[in-house]
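Asker: Right, I'll just put the structure down here and ask away after.
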Amino acid sequence: MSKKVFEFDFHGKKIVVENGEMAKQANGAVLVRYGDTVVLSTVVVKKEANLLSDFFPLMVIYQEKLYSVGKIPGGFIKREGKPTDAATLAARMIDRPMRPMFKEGFKNEVQIVNTVLSVDTDNSPELTAMFGSSLCTSISEVPFDGPIAGVKVGCINGEFIINPTPAELEESVLDLTVAGTKEAINMVEAGSKEVSEELMLDALMFGHEAIKELCEFQEEIIKEIGKPDMEYETLEITDEFKKEIRDLAEEKLDNALRIKGKLEKYAAIDAVKEEVVNKYTEEFEEKLKDEEFQELITKVKLVLEEIEYELFRQIVVKEKTRADGRSMTEIRPLSTDIDILPRTHGSALFTRGETQSLAVTTLGALGEHQILDGLSLEAEKRFMLHYNFPAFSVGETGRYGAPGRREIGHGALGERALLQVMPSEEEFPYTVRVVSEILESNGSSSQATICAGCMSLMAAGVPIKAPVAGIAMGLITYGDDYTILTDIQGMEDHLGDMDFKVGGTRKGICSLQMDIKIKGITKQILKEALAQAKDARMEILDVMEKQISEPRKEVSKYAPKMVTFMIKPEKIKDVIGKGGEMITKIILEASNVTAVNDVNAVKVDLEDDGKVIIYHTDKEVIEKTREMIENIVREVEEGKIYTAKVVKIEEFGCFVQVWPGCEGLVHISELAKDRVEKTTDVVSLGDEIVVKCIGWDKKGRLNFSRKKVFQDDNHDDNEKESKKSKKKEREVKEETKEEVENKEE
């Protein structure tokens, strides 16, 4: 196949698609250039299908290659390994709008691989990969009802921007990713600075207009190089067989679906299905070959699921009755609690019906931030939210190990919502980590995480701008009718058509996520869902604010306290010392520990601009550390009189300490108005004397004079001041400086 190149001007930037030169053995492959961002997208489909599988085996992979941004991977191995959270989220973002677009009944395994080859951070590699994923699948034999595309929408000064740069996003009140087909939107991901429902809806529609342009460009390419859809096997189920199963199970399933309790409902549904499956097992297991028998049982299960699906929709849409008896807009019972974990920095428990999140906040020094070894400009982050979903939360056993895609995705959604109200580094110079432990789940644990996480932050004394609550909305369609549900539970999510999650404050929306299982939804449905979600959010905030209405003024006694001050940037090297010797000495002495990594050791962050941040649970340790640092960076002024302590006596004079870390010489000729034969005739070790700074010698060493103080007209006053200063002077540990290399000649 000869190489073909297609070009498209998209909102001031050029998109170039190349086909026929790379990855020619894949079923579909395109190289997409968006500015200097280059992504190779490929799709491969397995020829045989596992018709007995109960899911469509689609895998979307997003491979970050660090050479794409001129980086060598960190660590010892020096090659890309486990996908970063950003790569995992990018893969999920591509999967979500594409999955509903594959043909019904198609069970052949499909792998879509996006390899990021070059990155211009002003042109999103994630959106380039989404475009490439849709296009390579659309031109292949895979039966796909695309194309789809996605764009980012920003908003600066009320003006919407398509695919804003990172610099523009810094100014934008909105970071919205929206995807869909020419006809409708089918995926949304957004973080926003408390924007209104009206602005969010307008942004969604604005983004959809740009999506149409990208889909039309893809259609031109598909028309020229696209392949016919492949033939594929499906399980053929006759109407007679469906009726047979329906007669056995429909009434019993209808009764089971009306049970209110989750576990009781699921147990009753499983019992009905098991009864029907057992009937066919007893009748046909011995009569049919193993493969034929397995196919029969699979058909039985599929028909049972279809009946359950239809009955559920009829109950909700036609009868306006929800599975647990609630109204369409009713939220399940809410309860909250805080401070249930005594030694943590902040904790909160949020329960909504049968969904429960325990959120724990931990405060750390800025130096404990997360380092990001990825493709973005962001190299670190100081706010993290981690989400854990153990199997016991749904009454099951399961695998325990590293977090999966779902846990990473739900954590990112909660983090995005709370990030919008987090204080700046200047306002609150801490690294903050929130962990959400899902203890029970029956619908929207990610939104429970937002609520619990918000309360734990306030309990920890993090000065967030406003409380944030989250709610999940659902959509159930039945023919031309539809119903929007507030606070969906697990079954409504599983059997429904939409999962629409909105997090925000009383002022506006902070996060938005939407996934749907149908081809797309209309503006009217989006408008209704946003309005209904706002009402629910206000109700949840009422309950949360009864428990804790604002952040505490002080952090926990177990959390590190903090003090911030500035020093001259050129003094940082003095505080650190040769090989870190001085800062180590400060940490050990101030904390009274033997190792800097001791859990009780004070933490000191030194920034390039001269900012010093000291953290410790004990304020006395913080003050001692600050005093030691300030003593190092304080500067003596020439001509000024000081009270100093004699720390060393030599034949040629004595060395005095003005404050710890600041020492200088009083030459024997400067000790008194008259000639001095021996230094010890005038001073003794440990004496406090009044001296005047007379400058620095050629080697940069400080010189002081006691004689010039006596010559001063205000000598008597100075002597009185000296006596007062002894009472005021803080206790200092006597310390002898290293021997002076060259003595005075």
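Asker: Given points 7 Å out from each Cα along the Cα-Cβ axis, report the SER549 to ILE222 separation in nanometres with one decimal.
Answerer: 5.6
Asker: At 7 Å along Cα-to-Cβ for each site, give me the label-to-label distance between SER327 and GLU425 in nm.
Answerer: Taking the two extended label points, one gets 4.9 nm.
Asker: Relative to the present Cα-Cα distance, how much length would full extension add between GLU183 and LEU169 at 0.36 nm per residue of separation?
Answerer: Between GLU183 and LEU169, full extension yields 2.3 nm more.
Asker: Additional query: Which order, highest average first, do 689-701, 519-531 follow once you tally other Cβ atoms within 10 Å for each residue and take the mean per peptide?
Answerer: 519-531, 689-701
Asker: In which sequence would TYR430, TYR67 go, from the one with the fewest C-beta neighbours within 10 Å to the one with the most? Could the numbers behind the result be given before it?
Answerer: Working: TYR430 26, TYR67 13.
Ascending number of Cβ neighbours within 10 Å: TYR67, TYR430.
Asker: Could you order peptides 113-121, 46-54 by the average number of other Cβ atoms within 10 Å of their residues, highest first?
Answerer: Ranking, from highest mean packing down: 113-121, 46-54.
Asker: Go ahead and run the numbers for FRET between ASN600 and GLU651, Cβ-Cβ distance against an R0 of 51 Å, rounding to 0.05.
Answerer: It comes out at approximately 0.70.
Asker: In what order do ILE471, ILE548, ILE162 fall by count of nearby beta-carbon atoms within 10 Å, going from fewest to most?
Answerer: ILE162, ILE548, ILE471
Asker: Can I ask one more? Could the peptides 17-29, 133-145 be put in order, highest first, of the mean number of other beta-carbon atoms found within 10 Å of their residues?
Answerer: My ranking of the peptides, most packed first, is 133-145, 17-29.
Asker: Out of these labelled values of volume of the Cα convex hull per residue in Å³, [x] 215; [y] 168; [z] 156, which was calculated from the coordinates shown here?
Answerer: Entry [x].
Asker: Could you give the length gained by full extension between GLU109 and ALA672, i.e. 0.36 nm per residue of separation minus their alpha carbon distance, to one decimal place?
Answerer: That works out to 193.1 nm of additional length.
Asker: Another one. Looking at VAL45, TYR232, THR177, which one has the Cα that reaches farthest to the positive end of the dipole of the chain (charges on Cβ: Lys, Arg +1; Asp, Glu -1)?
Answerer: Farthest towards the positive pole: THR177.
Asker: Any chance you could check the Cα centroid distance between the stretch 284-324 and the stretch 617-667 for me, in angstrom?
Answerer: 84
Asker: Still on this structure: Computed on alpha carbon atoms, what radius of gyration and Dmax characterise the stretch 305-412, expressed in Å?
Answerer: Final numbers for Rg and Dmax: 19.9, 57 Å.
Asker: Okay, next question. Exactly which trypsin sites (Lys or Arg not before Pro) in the stretch 293-361 are in a DSSP loop and have at most 13 other Cβ atoms within 10 Å?
Answerer: Filter output for the stretch 293-361: LYS320, ARG343.
Asker: Calculated FRET efficiency, THR298 and TYR67, Cβ-Cβ r, R0 35 Å, to nearest 0.05?
Answerer: Plugging the Cβ-Cβ distance into 1/(1 + (r/R0)^6) gives 0.15.
Asker: Can you sort THR361, THR431, THR321 from fewest to most other Cβ atoms within 10 Å of each residue's own Cβ?
Answerer: THR321, THR431, THR361
Asker: Treat each spin label as a single point 7 Å out from the Cα along the C-beta direction, and report the MET566 to SER196 distance in nm.
Answerer: 4.0
Each value in this text was obtained by applying a stated rule to the coordinates, not by laboratory testing. Note that the coordinates shown come from a computational prediction; the quantities given were computed from them, not determined experimentally. Every residue, glycine among them, receives a Cβ derived from its backbone with ideal geometry; neighbour counts consider all protein chains shown.
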